[in-house]
Amino acid sequence: MGRLGIWVATRAGAGVVALALTACTGLGRVAPESPRPLTGIDAQHLSEAPAPRPPEDILAVTDDMRRFVAQNVSRHVDVERRIRQLTSAVLHPGTLGIAYHDRMTRTASETFETANGNCLSLSMLFVALAREAGIEARFYEVNMVPEWTLAGDVVFATRHVNVGGRITAGTTYVMDFSPYVARREVGRQRLTDAEAIAQYYNNIGANHLAEGSIVAAYRHFVAGIEMAPRISFLWSNLSVAYSRNGQSDAAEWALRRAVAIDGRNTSAMANLARVLRERGATEEAEALATKIAGAQRDNPYYQFALGERHLAESEFGDALARLQRAISLEPGEPLFYRKAAVAATALNDTALAEDYDGRAEALDAEAQRLGRNAFRRR
């Protein structure tokens, strides 16, 4: 996390955004402030960079989408039956036959036209269609084990988004398009439409960042901030664009904004500590490092990541200790047990390995029962 030259950024619904990021978005209460401009960019280059789509386009319903709903969902049945009809129409190969594509972020209409996209794209589509069918549909961000990818000197962490809403006064539903739907949810937070659209802009910006298109990345991060200025990781991602453009002061400013909004955004804190060390502010950097260590100690996903690292280096005792810590912090995640079983097997503790495998299978079976066909009641 603190390696020189490595920046951490966040992508939403790419199957996810920011290293060991655990907090909800929008927790901070800081005075609104506009992003600083990029410097040294000529007007022609700035105007030629891809511009963000208008926010009203992201969830827009086309005539083809309206016909699809009219043909496949009856207005004369109860809400749960309508949800099931829509789910079947979206998933069945004979109708839309939607497919999961973890690297593709699209608007609702683009997802409808191409019949594929990542979890954010598919959630966008389902929300738009469900509302057209008179079904309550809201976005949710789901806590899950992060996936990390490296693009140049930027590490991307992935977040997961799904959809939920009310069926009756006492029941709700969850619609999740991820192929890892068997994963047990360990908490989720509701996103407003503005926050979901901001995450769309963030994903597009992250893709431009990975391709080296700093101006396009900047424009999309700014569009996201304009939609939802208290999403912490948008500011920390913006800081990467500033840094790539040689604006170290602006990068530090954006990171301080990210930390002020969400004091548990360890990604932003790690990047800020790196910037502070580079300019010689070691005392403040070390204070941040201490805070990061405390947050990581209580983060099951970070403990899991350390356990995986120890496994890769054949340090099986250390791996088991970290994985057991992850299990104690989040006992409902089957992947923790499965990796702990690997470590126990390497340590020749067959009984413990069998116990962990059994617990993982039981959790997976329960999650599959709840998550069958993507739609489930709560």
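The values are calculated or read from the model by the stated rules, or taken from the named source; none is laboratory data. For clarity, every value in this text was computed on a predicted model and none was experimentally measured. Quick reminder, even Gly has a Cβ in these numbers, built from the backbone with ideal geometry, and neighbours come from all protein chains shown.
Comparison of A258, A254, A241 shows that the only residue that is among the hydrophobic types (A, V, I, L, M, F, W, C) and out of contact with any Ser or Thr (no Cβ under 6 Å at 6 or more places or on another chain) is A241. Exactly one residue among R190, R274 is charged (D, E, K, R) and in a helix (DSSP H, G or I), and that residue is R274.
Can you find even one residue in the range 243-262 that is crowded, with 22+ Cβ neighbours inside 10 Å and not in a helix (DSSP H, G or I)? The answer is yes; a qualifying residue exists. Taking the conditions (1) in contact with a helix residue (DSSP H, G or I) (Cβ under 6 Å, 6 or more places away or on another chain); (2) modelled with pLDDT under 90 in turn, N202 satisfies each one other than (2). Number of residues in the range 228-242 that are assigned to a loop (DSSP other than H, G, I, E, B) and more than 17 Å from T158 (Cα to Cα): the value is 3.
Selection of the range 14-33 for residues being modelled with pLDDT of 50 or more, touching a helix residue (DSSP H, G or I) at 6+ places or on another chain (Cβ under 8 Å) and of a type outside the set (A, V, I, L, M, F, W, C) yields only E33. Give the residues of the range 62-85 that are within 28 Å of the chain's Cα centre (by Cα) and under 14 Å from L125 (Cα atoms), sorted by residue number. Selection gives T62, M65, I83.
On the stretch given as the range 37-95, residues that are among the aliphatic types (A, V, I, L, M), surrounded by 13 or more Cβ atoms within 10 Å (Cβ to Cβ) and part of a helix (DSSP H, G or I) total 10. Filtering A251, A196, A270 for residues that are over 24 Å from V161 (Cα atoms), in contact with a Phe, Trp or Tyr (Cβ under 6 Å, 6 or more places away or on another chain) and of a type in the set (A, V, I, L, M) leaves a single hit, A251. Any idea how many residues of the range 86-105 are of a type in the set (V, I, T), within 26 Å of the chain's Cα centre (by Cα) and over 13 Å from M175 (Cα atoms)? Residues that pass the stated criteria total 2.
Comparison of D364, D355 shows that the only residue that is of a type in the set (D, E, K, R), in a helix (DSSP H, G or I) and at pLDDT 90 or above is D355.
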